[in-house]
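Chemist: Got a structure for you, written out below as structure tokens; questions coming shortly.
Since every read-out is calculated from the coordinates, none of them should be taken as a lab result. Fair warning: this is a prediction, and the values are worked out from it, not measured in the lab. As a convention, Cβ positions derive from the backbone with ideal geometry for all residues, glycine included, and neighbour counts pool all protein chains shown.
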Amino acid sequence: MYNEIALFAENLGAEVILNAPMKKYTSFKCGGNARVLVIPQSVDSLQKILGFCYSKNICPLVIGNGSNLLVADNGIENVVIKIGSKISNIYLVDDETICCEAGASLKSLCMFALENSLSGLEFAYGIPGTLGGAVYMNAGAYGGEMKDVLYSCKHINENGNLNELPQSELNLRYRGSAYTDNGYTIVSALMKLKKAPKTEIKAAMDDKLQRRKDKQPLEYPSAGSTFKRPEGYFAGALIEDCGLKGYTVGGAQVSEKHAGFVINKDNATSTDVLNLIKDVQKIVYEKHGVKLETEVKIIGE
């Protein structure tokens, strides 16, 4: 079955990697292999590959930059489809509307907005993900979120058909969207922005990036904020209050710079990271009675 899918994808010009080491395709830089990893070269080939998988009753794992994933050390007995630079076109629809494909990095999207004097995406500058992942999770930071700018989104549904949802049906919420519910594959999105002077936009982008550098452990592999913000609290503050800054399991560590980040400090395994996460959850619950939910998506057993 997997060989059949690999051959189908190769015949469409997709890059196919067997027993792909997922540590190369996730920002945590750990985890086992995927049985088959496919990198489509166009939206058309992505649609055909997904349709073929669905016809074989296989539901592939679709990823972008892998910046919010922790893959188990024993790997994934599944097909992984990576939407990357071949599906990353960005262009203007009108003076205040950008269309961006799912594989484009948020950095390139923010730079495109800057070049066209369009404001509204400054908050996203420095988030190490793709447009697809940002829509999927309704990414946000520093008072802004994708919900503020999204106008509509195109996707491939469970039948392999291309459809579109308007903003009113995207169900955008804290770290969630219609796509975290329905599992459809995001292809592109339209964003409505506002004209502003380039100097103002760049100053805001530089400010956000500097704040990230000052407060976040960007020098180590991680998946960004490890835990969702519990209602009425901040995860990092709860963890720090428990004295867990610097807490280590194997090569994984609660960042000494920001307690909300679990980092791959020294060649951590996914098991190290997962055990550390479980320890933090247990200790925080025992001290504060608050259940921390992971923002990181854990794949495999």
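Chemist: Return the calculated 222 nm mean residue ellipticity for the chain, to the nearest 500 deg cm²/dmol, obtained by summing -39500 (n - 2.57) across DSSP H runs with n ≥ 4 and dividing by the residue count.
Modeler: Numbers: 8 runs with 89 residues, N = 301.
So the helix-based figure for the chain works out to -9000 deg cm²/dmol.
Chemist: At R0 = 45 Å, how high is the FRET efficiency between S108 and E286 if r is their beta carbon distance? Nearest 0.05 is fine.
Modeler: Working: r = 44 Å, r/R0 = 0.97.
Between S108 and E286 the formula returns 0.55.
Chemist: Comparing Y184, Y151, Y174, which has the greatest mean-square fluctuation in the GNM of the chain with Cα pairs linked when under 10 Å apart?
Modeler: Answer for the Gaussian network model of the chain: Y174.
Chemist: Could you run the Karplus curve 6.51 cos²θ - 1.76 cosθ + 1.60 with θ = phi - 60° over region 188-195 and give me ³J(HN,Hα) per residue in whole Hz, x for Gly and Pro?
Modeler: With coefficients 6.51, -1.76 and 1.60, one gets 6, 8, 9, 10, 9, 10, 10, 5 Hz.
Chemist: Enumerate the amide H contacts of T185 below 5 Å, restricted to partners 5 or more residues apart or on another chain; note that Pro and chain-start residues carry no placed amide H.
Modeler: Placed amide hydrogens put I156 under 5 Å from T185.
Chemist: Oh, and also: Kyte-Doolittle mean at least -1.0 and Cα extent at least 20 Å along the axis: which DSSP H helices of the chain qualify? Walk me through the intermediate numbers first.
Modeler: On the way: long enough: 198-215 (26 Å, -1.83); 270-288 (27 Å, -0.32).
Span-like helices, by this rule, are 270-288.
Chemist: Give or take rounding to whole Å, what are the principal axis extents of the alpha carbon atoms in the chain, in descending order?
Modeler: 52, 52, 30
Chemist: Take every Cα-Cα distance within region 2-85, group them into 10 Å bins from 0 onward, and report for each bin the whole-number percent of pairs it holds.
Modeler: Final binned percentages: 20, 54, 25, 1.
Chemist: At 7 Å along Cα-to-Cβ for each site, give me the label-to-label distance between N19 and D214 in nm.
Modeler: Reported label-point gap for N19 and D214 is 4.9 nm.
Chemist: Then there's this: With a 10 Å cut-off between alpha carbons and a GNM built on the chain, which of D73, D148, D214 moves the most?
Modeler: D214
Chemist: Indicate the gyration tensor shape class of region 217-299 (rounded, prolate or oblate), computed on the Cα atoms with a ≥ b ≥ c the square roots of the eigenvalues: a/c under 1.5 is rounded; otherwise a/b larger than b/c is prolate and the rest oblate.
Modeler: Cα axes put region 217-299 in the prolate bin.
Chemist: Let me ask something else. Kindly put L61, L118, L7 in sequence by how many other C-beta atoms sit within 10 Å of each C-beta, fewest to most.
Modeler: Details: L61 18, L118 24, L7 10.
Ordered by Cβ neighbours within 10 Å, fewest first: L7, L61, L118.
Chemist: Kindly rank 197-208, 16-27, 121-132 from highest to lowest mean number of other beta carbons found within 10 Å of each residue.
Modeler: On the way: 197-208: 15.2, 16-27: 18.0, 121-132: 24.7.
So the order, starting with the most tightly packed, is 121-132, 16-27, 197-208.
Chemist: With each pseudo-label sitting 7 Å past Cα toward Cβ, what's the M1-Q41 distance in nm, one decimal?
Modeler: 2.8
Chemist: In the chain, with Lys and Arg counted as +1 and Asp and Glu as -1 at Cβ, which of these residues, I5, A259, V43, has the Cα nearest the positive end of the dipole, that is, farthest along it?
Modeler: Working it through, the farthest residue towards the positive pole turns out to be A259.
Chemist: Taking amide hydrogens as modeled 1.01 Å from N in the peptide plane, which residues meet the under 5 Å criterion relative to Y247, leaving out close sequence neighbours?
Modeler: V254
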